[in-house]
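A quick write-up on the structure given underneath.
Every number in this text was worked out from the coordinates using simple rules, so none of it is lab data. Keep in mind that this is a model prediction, so the values were computed, not measured. Cβ coordinates were reconstructed from backbone atoms using ideal geometry, including for glycine residues, and neighbour counts include every protein chain displayed.
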Amino acid sequence: MKEGISSIYQDGGYLRNNPTWHVEDSEEKVGWILRIIDRHRIQPFTICEVGCGAGEILNQLSQQLKGQITFYGYEVSPQAFELCQSRQKENLHFYHKDVLEEDVFFDLVLVIDVLEHVEDYLGFLRKLRHKGRYKILRIPLDISIQSVIFKSAYILKARNAFGHLHYFTKETALATLKDSGYRIIDIFYTYGPFSLRHLGLRRYLPKLLKKILFSLHKEWMARLLDGFSVVILAE
């Protein structure tokens, strides 16, 4: 049995810290995925999500993408896999397996907020490269001026609450992919999710300010403040 922080995906610790498994963020993440698919006119027949969580991203994609597309979700956490079951349907399948151990190949592979959780992330990326043509990754940028100045409080929160083991800037994220044999096709910043719904005033105002500043200068804001990510299309 795995010990330490990695055990939270098996023993229910992650579910206790994140009881919705971030389902409420899925709509915005789907928007980012559709944006990059449309921008590059990708027309997949098979889409796989590695570390699919509760499966809501694939569920929404299956409703919004047109054509004969089959969706596959792989999840190693038994708790998350259980949450997927209600979303399974004819063209959407979930597996409680490690996709790296399967003899499969997909047109498009999604790796959304996963890389930072994987102990051997370089080995993971090298094996994953052979599982699909295109890969869309979302990687949080946990290293910022804010996170460093405030005694790494944000980084420790990311570790303790969300299980982040690795912390990236845009430059180190891109270097990691290139060192693992990937060709970068496109990249853009995201913040959030940006949804301001159901927030109290104390959380609403700082998030609204970040949203305004982000629209003015994305590069600078991602270096300065926490909470930003990059979405990358690679092959």
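Are there any GluC sites (Glu not before Pro) in region 39-109 that are in a DSSP loop and have at most 15 other Cβ atoms within 10 Å? List them by number.
90, 102
Show me the trypsin sites (Lys or Arg not before Pro) within region 1-103 that DSSP assigns to loop and that have at most 11 other Cβ atoms within 10 Å of their Cβ. Don't skip to the end; give the middle numbers.
Working: sites: 2, 16, 29, 35, 39, 41, 66, 87, 89, 97; in loops: 2, 41, 66, 97.
For trypsin sites (Lys or Arg not before Pro) across region 1-103 that sit outside H, G, I, E and B with at most 11 neighbouring Cβ atoms in 10 Å, the list reads 2, 41, 66.
Have a look at the DSSP beta bridges in the chain and tell me what percent are antiparallel, nearest 5. Write down the numbers at each step before the final one.
Details: 14 of 32 bridges.
So the antiparallel bridges amount to about 45 percent of the total.
Tell me the label only: which of [x] 41, 39, 37; [y] 45, 42, 38; [z] 56, 50, 42 is Cα extents along the principal axes in Å as calculated from this structure?
Derived directly from the coordinates: [y].
Per DSSP H run of at least 4 residues, take -39500 (n - 2.57); add these up for the chain, divide by its residues and hand me the 222 nm value, nearest 500 deg cm²/dmol. Can you show the working numbers first?
Values: 10 runs with 91 residues, N = 235.
For the chain, the value works out to -11000 deg cm²/dmol.
Highest mean first, how do 8-14, 113-119, 226-232 rank when packing is the count of other Cβ atoms within 10 Å averaged over residues?
Answer by packing, highest mean first, reads 226-232, 113-119, 8-14.
Just tell me which lysines come within less than 25 Å, Cα to Cα, of residue 157; anything on the same chain fewer than 8 places away is out.
2, 29, 170, 207, 210, 211, 218
Are there any chymotrypsin sites (Phe, Trp or Tyr not before Pro) in region 22-118 that are in a DSSP loop and have at most 15 other Cβ atoms within 10 Å? List them by number.
On the way: sites: 32, 45, 71, 72, 74, 81, 94, 95, 105, 106; in loops: 45, 105.
For chymotrypsin sites (Phe, Trp or Tyr not before Pro) across region 22-118 that sit outside H, G, I, E and B with at most 15 neighbouring Cβ atoms in 10 Å, the list reads 45, 105.
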